[in-house]
Amino acid sequence: MKSLIGDKKFYRMVLIVCIPIVIQNGFTNLASLLDNIMIGQLGTLSMSGVSITNQLLQVFNVTIFGAMSGPGIFMAQFYGKRNKEGDKRMLKFLKDKKGCDDRPYDDRPKERT
């Protein structure tokens with residue numbers, strides 16, 4: 001059988017990375033399902049409110065995942081190229097969650113009153 005991308009070692013490594021993500025997503029969806037089951041006994045209005053909140057929470061989770069995946073991908077590329085300076089910048093971005101702005105929070109221009 002011909003392999004599409006790599007050998008068994010590659011697929012094992014991909015599974016090691018994917019399984020925790022799948023488990024975390026399963027727990028999030030299970031919590032939403034349990035909310036719907038518990039609130040479903042109170043009526044349709046309560047059920048609609050919880051359902052809409054769960055949808056908004058899912059959008060929030062996907063947004064945060066997407067925002068943090070980009071710097072993670074760049075960090076992996078910098079690591080592969082042995083570019084320590086780029087790696088440090090991406091790590092700082094992920095740590096601060098404020099972008100590549102090197103100024104500390106207190107260094108922002110003050111407003112005049």
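Some notes on this structure:
- Sites matching trypsin sites (Lys or Arg not before Pro) across region 1-78 that sit in DSSP coil, with at most 11 neighbouring C-beta atoms within 10 Å: K2
- Calculated P(r) tail over 17 Å for region 2-90, as whole % of Cα pairs: 68
- Where labels lie 7 Å past Cα in the beta-carbon direction, separation of D35 and K81 in nm: 4.1
- Stretch gain in nm, segment S48-S69, where the contour uses 0.36 nm per residue and the Cα spacing is subtracted: 4.4 nm
None of the figures in this text is laboratory data; all of them are computed from the coordinates on show. Source: prediction; values computed, not measured. Please note: Cβ atoms are built from the backbone with ideal geometry, for glycine as well, and neighbour counts cover all protein chains shown.
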